Protein chains: 2
Amino acid sequence: MIIESIASPADVKRLSVEEMEKMAVEIRTLLIEKLSRHGGHCGPNLGMVEATIAMHYVFQSPQDKIVFDVSHQSYTHKMLTGRVGAFLKAENDDDVSGYSEPSESEHDHFIIGHTSTAVSLAGGLAKGRDLRGERGNVIAVVGDGSLSGGEALEGLDWAAELGSNFIIVVNDNQMSIAENHGGLYRNLEELRRTNGTCPNNLFRAMGLDYVYVERGNDIAALIAAFQKVKDIDHPIVVHINTLKGKGFALAEKDKERWHWSAPFDKESGELLHPCTVETYDELTAVHLLELMGQDKGICAITAGTPGVWNWTPERRKAAGRQFVDVGIAEEHAVALASGIAKAGGKPVFGVCSSFIQRAYDQLSQDLCINDNPATILVMWGSLSTMTDVTHLCHFDIPLLSNIPNLVYLAPTNREEYLAMLDWSINYREHPVAIRVPVGPTKAATRPTATDFSALNRYEVVEQGRDVAILALGNFFSLGERVCHLLKEQGVHATLVNPRYISGIDGDLLCRLSEDHRLVVTLEDGALEGGFGEKIARYYGATAVRTLCYGAKKEFVDRYVPKDFLAANRLVDTMIAEDIVGLLD
Amino acid sequence: MIIESIASPADVKRLSVEEMEKMAVEIRTLLIEKLSRHGGHCGPNLGMVEATIAMHYVFQSPQDKIVFDVSHQSYTHKMLTGRVGAFLKAENDDDVSGYSEPSESEHDHFIIGHTSTAVSLAGGLAKGRDLRGERGNVIAVVGDGSLSGGEALEGLDWAAELGSNFIIVVNDNQMSIAENHGGLYRNLEELRRTNGTCPNNLFRAMGLDYVYVERGNDIAALIAAFQKVKDIDHPIVVHINTLKGKGFALAEKDKERWHWSAPFDKESGELLHPCTVETYDELTAVHLLELMGQDKGICAITAGTPGVWNWTPERRKAAGRQFVDVGIAEEHAVALASGIAKAGGKPVFGVCSSFIQRAYDQLSQDLCINDNPATILVMWGSLSTMTDVTHLCHFDIPLLSNIPNLVYLAPTNREEYLAMLDWSINYREHPVAIRVPVGPTKAATRPTATDFSALNRYEVVEQGRDVAILALGNFFSLGERVCHLLKEQGVHATLVNPRYISGIDGDLLCRLSEDHRLVVTLEDGALEGGFGEKIARYYGATAVRTLCYGAKKEFVDRYVPKDFLAANRLVDTMIAEDIVGLLD
């Protein structure tokens, strides 16, 4: 294969167009092979094969710097920059990450996983180049739905003032993760229809120069376009029209399904390990759709990620105007929810833990200062869900639980979650966020409250003495297991389901201090700024000792959850051992 | 005066255009009187008098809902909605806030102080209206530099999909707080020049209908425009060309100086209580400008608020390309800084504590995961600076100090601040944020370190026993006073300057536990998620007791700092009393 002979971009430059076209076919074959056995981003990578080859043919990486937005479309770039080995055999699949990664290669400049960041980051490279009097092209590759994010639009607006070389490649594959949303995508459509000539042009309106490439999967056309803008002395947008999923028929046909996939059979497209149990994501969509039928004020909101809570195209259609996809625009989603709640509607914004942090100011200012009763469903918040450093779901507790007025709840089982969700939708006093449990649903084994209006009342599940375990949300079952181990050693611990992440039950904590020497907190997230520290502070001036369990402050990447939990002593036997040691 | 007879918008509707014009003059007189004696936003309010009158003439508030972005231009709206009393006499000046405030009036729908939020919030009102099958106009008033903010651009993009009544008034006064920055403002200029007819149009490119009003301070013209769009069945932008500061010659001339002002003499424009001492803001700009002359890699960045750190127009000019104003776009500013640092430049982003929270995800993802060595100067972080609920500077410690890789420093005096700043600019290991002290500069009374590379080493300023006081940043002097009071009572406390907000000095804390029974933390910010709780957690399992001082979790509005500090027991005598009580 030609691709196996590519050790660096210099080798690309030696190829003819025909050879590059042949190599594109090889790359697609390798992509589909690896994606099917390993899982990963299908559509975005398959659509960008030719453009990536053409960029490396024309530009001089790493002196010329290419920055991929979201960077989940950088697999071809990795193959062309000395990392093809990670795409040839299953045993090397994990040699590279799924995103750009400077520690892998001098051709990668940032670790990027969140959307809409590349124009600003690459803009910084361009500005740094200018400050230092250096030369070279800086190329930002954006698209795949990321243009609707505020940071990308801020970056485009700013770029017009740079006044020096800056090339912004807009990969227009006509899709986000789901279909695109927002008016600007209509302008892209008009630009495509008019071969880039329509007078109204978002990029020109932002003050940028512009060129259109209709055949965005044609290597020769792309090379010609990039050669024209190479070494340009001002910022320019190169709008390329690509086909998401190109070369894999299933992915070309159902672009949303094939944006990302777990390992699959490449003939049938069936998942190799399909989910056969009810998950909280699935439960959420099913339940909300049912509620919507009864209450026309309920409105589910997503910011470009309906799959995070299993809003399939069919369900979205069934919900009609009660389902809103704002595109990748979390800030807008939170403020919109606040406005809907103010107008008497019942908004429910479902969002992945890793992405809710894109809207901190909106949570604080637009929602919580105004105390409007919107519901935020924080999905996947846990140390055991997403393990790429750019998508960690560790930080939502510190982020949300310290905002005044917000009630942040941590249900521990299926029935408690549904009760909290039903309550929250109709509660009118404060905004409520719910940290939706992760994994398969778990049935309640004790009666469930239905009214959570008396805030910050923890539930004592088991009354013991000497040691109390405050086991939050996902970690309630860990608390149960610790209690069981302690009982085997003759310690009858009190087990508490705190339910409220965002507030302290002073009455209960005070009562506990009467016959407990130690209070232990367990939280499935980052420790610093989180729940346990509030308990430690509460007891700080008393004789009650505290032990807080959670993850220590660090960015970890591609970890094995089991090992990570053990490294943080988040294991029942370790915790029981610590407790017994302290009680002695 | 006519304005005194306006009890509600119904009274506006009874006026002739001539009477409204007369009233506009009265309103301006009242505005200038109140602003001169009380301080407040001058330019924004003076420019919006006619448009506000015309809106209340045409629309039926509160059934029709008007939402002001930033809402610092809503004074005329307040006068026309039953609150003129707060503008007539000095003793009533504080009867209303400087922002829209639902608790004051049914004509205000949100508490708004941060920029770029109105399209999304008002969009939510429109969506809520539609969900509930209600009617009425929803009007968002944006402008004054706020269009460059990502949230506003996300909102505009989304609005195109609403498909029902939504009127977005773009108040184009050709300014932000300082001059506008970004390519989109060139498009506004082109639209003004062509009377709204140029084919390239940002708003149309975003999928929105559009109309232009050249005479944005002409009541009759505005009424005609608003009447045309009233009850429209789809979203439309009404672009009005206004004069910032209109009617106050000084403000028309120097728009930046007169965006906001402390009380002033209305003839000369001189401040009534000019600052006569060196402040940390001033020190920062002077020092950085000097450093820039020696090092061309240093680049100061502001997000539309150069005044926050005293970058006057003259200084910006002197800095040349080493000063970048990205416009109101904090997300972009942080990502840009990361990119510049990656390219070998030395970016310094100066930003008010209240506004850094607009860029949490960029701090985490773009900056800290990439571990690029940018410097962030957090200005005004304190419980005693901005007291409007929308501008509280309480939350930066919980927000920043829990992000991995970020070194967050808290200098305690002038020399220590400069040493940290100098060190940070040349440090290449991690991003560094500095919580710049507030108020007049204070000279060091002890030797100052110059190298802070050995992270998380606290400074023991006074070695005592039994009790140790960890007095952070601004509150170091409070710690000194507490120690002094304790000494009078025979307690020789240890006084520690932690210096590092974001990390624990385990060695020192362990040593302290040998001969200290109590460790007290003092921080000038919100308690929950902050510095003290980390110390409480550290000592949780030991015999050392802890007491954490800071502000309890709440949104407070227009408070008197002294009273607020006392309510949180942030007073030397109270703290000393608590300590003595606990030691006994």
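For B:VAL326, are the conditions met, namely being under 23 Å from A:LEU121 (Cβ atoms) and in contact (Cβ under 8 Å) with a residue 24 or more places away in the chain? Yes: the conditions hold for B:VAL326. Residues in region A:366-398 that are under 22 Å from B:LEU121 (Cα atoms) and of a type outside the set (D, E, K, R): A:LEU367, A:CYS368, A:ILE369, A:ASN370, A:ASN372, A:PRO373, A:ALA374, A:THR375, A:ILE376, A:LEU377, A:VAL378.
Taking the conditions exactly as written (touching a strand residue (DSSP E or B) at 6+ places or on another chain (Cβ under 7 Å), over 23 Å from A:PHE531 (Cα atoms) and among the charged types (D, E, K, R)), does B:GLU480 satisfy them or not? Show your work before the answer.
Numbers: touching a strand residue (DSSP E or B) at 6+ places or on another chain (Cβ under 7 Å): yes; over 23 Å from A:PHE531 (Cα atoms): yes; among the charged types (D, E, K, R): yes.
It is true that B:GLU480 is touching a strand residue (DSSP E or B) at 6+ places or on another chain (Cβ under 7 Å), over 23 Å from A:PHE531 (Cα atoms) and among the charged types (D, E, K, R).
Kindly evaluate A:MET175 against the criterion of being at the interface with chain B (Cβ under 10 Å from one of its Cβ atoms) and within 29 Å of A:ASP325 (Cβ to Cβ). Against the criterion (at the interface with chain B (Cβ under 10 Å from one of its Cβ atoms) and within 29 Å of A:ASP325 (Cβ to Cβ)), A:MET175 does not qualify. With respect to the conditions (1) in contact with a helix residue (DSSP H, G or I) (Cβ under 7 Å, 6 or more places away or on another chain); (2) under 30 Å from B:ALA374 (Cβ atoms); (3) of a type in the set (A, V, I, L, M), A:ALA220 lacks only one, and its number is (2). Scanning region A:323-337 for residues that are facing chain B (nearest Cβ under 7 Å) and either assigned to a helix (DSSP H, G or I) or acidic (Asp, Glu) (or both) gives A:GLU331, A:HIS332, A:ALA335, A:LEU336, A:ALA337.
Residues that are crowded, with 21+ Cβ neighbours inside 10 Å, at least 3 per element: which helices (runs of 4 or more DSSP H) completely within region A:473-561 meet that?
Numbers: elements: A:476-488, A:506-515, A:531-539.
Passing ranges, in order: A:476-488, A:531-539.
Of all residues in region B:340-378, those satisfying the criterion of being out of contact with any Ser or Thr (no Cβ under 7 Å at 6 or more places or on another chain), of a type outside the set (A, V, I, L, M, F, W, C) and over 12 Å from B:ILE298 (Cβ atoms) are B:LYS342, B:SER353, B:SER354, B:ARG358, B:TYR360, B:ASP361, B:GLN362, B:SER364, B:ASP371, B:PRO373. Taken as a whole, the structure leaves B:GLY464 outside the set of residues that are outside the structural domain of B:LEU399 (by TED's automatic domain parsing), closer than 23 Å to B:TRP309 by Cα, in contact (Cβ under 8 Å) with a residue 24 or more places away in the chain and buried (at least 17 other Cβ atoms within 10 Å of the Cβ). For region A:545-571, the tally of residues that are within 13 Å of B:ARG537 (Cα to Cα) and either within 24 Å of the chain's Cα centre (by Cα) or in the same structural domain as A:GLY113 (by TED's automatic domain parsing) (or both) stands at 2.
Number of residues in region A:286-304 that are touching a strand residue (DSSP E or B) at 6+ places or on another chain (Cβ under 8 Å) and either crowded, with 22+ Cβ neighbours inside 10 Å or part of a helix (DSSP H, G or I) (or both) equals 10. Within region B:116-146, the set of residues being under 27 Å from B:ASN187 (Cα atoms), assigned to a loop (DSSP other than H, G, I, E, B) and modelled with pLDDT of 95 or more comprises B:SER116, B:THR117. Screening region A:338-409 for strands (runs of 3 or more DSSP E) wholly inside it with 1 or more residues that are at the interface with chain B (Cβ under 9 Å from one of its Cβ atoms) returns the ranges A:346-352. Applying the criterion of being under 25 Å from A:ALA359 (Cβ atoms) and hydroxyl-bearing (Ser, Thr, Tyr) to the residues of region A:126-172, the residue that is farthest from the other protein chains (Cβ to nearest Cβ) is A:SER146. For region B:562-584, filtered to residues that are in a loop (DSSP other than H, G, I, E, B) and on the phi < 0 side of the Ramachandran plot, the residue that is farthest from the other protein chains (Cβ to nearest Cβ) is B:VAL571. Count of region A:381-405 residues, restricted to those that are surrounded by fewer than 24 Cβ atoms within 10 Å (Cβ to Cβ) and either in the same structural domain as A:GLY550 (by TED's automatic domain parsing) or hydrophobic (A, V, I, L, M, F, W, C) (or both), is 2.
Any chance region B:419-426 includes a residue that's β-branched (Val, Ile, Thr) and crowded, with 20+ Cβ neighbours inside 10 Å? It would help to see each step written out before you state the result.
We begin by selecting, within region B:419-426, every residue β-branched (Val, Ile, Thr); these are B:425.
Right, trim to crowded, with 20+ Cβ neighbours inside 10 Å and you get none.
No, region B:419-426 contains no residue that is β-branched (Val, Ile, Thr) and crowded, with 20+ Cβ neighbours inside 10 Å.
Do we find that B:LYS266 is out of contact with any strand residue (DSSP E or B) (no Cβ under 9 Å at 6 or more places or on another chain) and assigned by TED's automatic domain parsing to the domain that holds B:ILE139 in this structure?
On the way: out of contact with any strand residue (DSSP E or B) (no Cβ under 9 Å at 6 or more places or on another chain): yes; assigned by TED's automatic domain parsing to the domain that holds B:ILE139: no.
It is false that B:LYS266 is out of contact with any strand residue (DSSP E or B) (no Cβ under 9 Å at 6 or more places or on another chain) and assigned by TED's automatic domain parsing to the domain that holds B:ILE139.
Just one of the numbered conditions (1) without any contact (Cβ under 8 Å) to a residue 40 or more places away in the chain; (2) of a type outside the set (A, V, I, L, M); (3) in contact with a strand residue (DSSP E or B) (Cβ under 8 Å, 6 or more places away or on another chain) is not true of A:GLY381: (1). Each residue in region B:24-48 was checked for being crowded, with 24+ Cβ neighbours inside 10 Å and either within 18 Å of B:GLY85 (Cβ to Cβ) or of a type in the set (Phe, Trp, Tyr) (or both), and 3 pass.
Which ranges mark the helices (runs of 4 or more DSSP H) fully within region A:1-54 that have 1 or more residues being without any contact (Cβ under 8 Å) to a residue 12 or more places away in the chain and over 28 Å from the mean Cα position of the chain (by Cα)?
Values: elements: A:9-13, A:17-38, A:43-47.
The helices (runs of 4 or more DSSP H) meeting that bar are A:9-13, A:17-38.
For region A:87-115, give me each residue that is in contact (Cβ under 8 Å) with a residue 40 or more places away in the chain, facing chain B (nearest Cβ under 8 Å) and not β-branched (Val, Ile, Thr). Those that are in contact (Cβ under 8 Å) with a residue 40 or more places away in the chain, facing chain B (nearest Cβ under 8 Å) and not β-branched (Val, Ile, Thr): A:HIS109, A:PHE110, A:GLY113, A:HIS114. Scanning region A:161-175 for residues that are surrounded by fewer than 24 Cβ atoms within 10 Å (Cβ to Cβ) and in a loop (DSSP other than H, G, I, E, B) gives A:GLU161, A:LEU162, A:GLY163, A:SER164, A:ASN165, A:GLN174.
If the condition is being surrounded by fewer than 24 Cβ atoms within 10 Å (Cβ to Cβ) and closer than 19 Å to A:SER364 by Cβ, then region B:100-130 contributes B:GLU101, B:PRO102, B:SER103, B:ILE111, B:GLY113. Restricting A:LYS246, A:LYS266 to those that are of a type outside the set (Gly, Ala, Ser) and either touching a Cys at 6+ places or on another chain (Cβ under 7 Å) or surrounded by fewer than 19 Cβ atoms within 10 Å (Cβ to Cβ) (or both) reduces the list to A:LYS266. Would you say B:LEU250 is on the phi < 0 side of the Ramachandran plot, assigned to a helix (DSSP H, G or I) and assigned by TED's automatic domain parsing to the domain that holds B:ARG129? Taking the combined requirement at face value, the residue satisfies it. Filtering region A:240-272 to residues that are touching an Asp or Glu at 6+ places or on another chain (Cβ under 6 Å) and either of a type in the set (Asp, Glu) or closer than 30 Å to A:ALA126 by Cβ (or both) leaves only A:ASN241.
The values are calculated or read from the model by the stated rules, or taken from the named source; none is laboratory data. All values reported here derive from a predicted model rather than from experimental measurement. Virtual Cβ from ideal backbone geometry, glycine too; neighbours counted across all protein chains shown.
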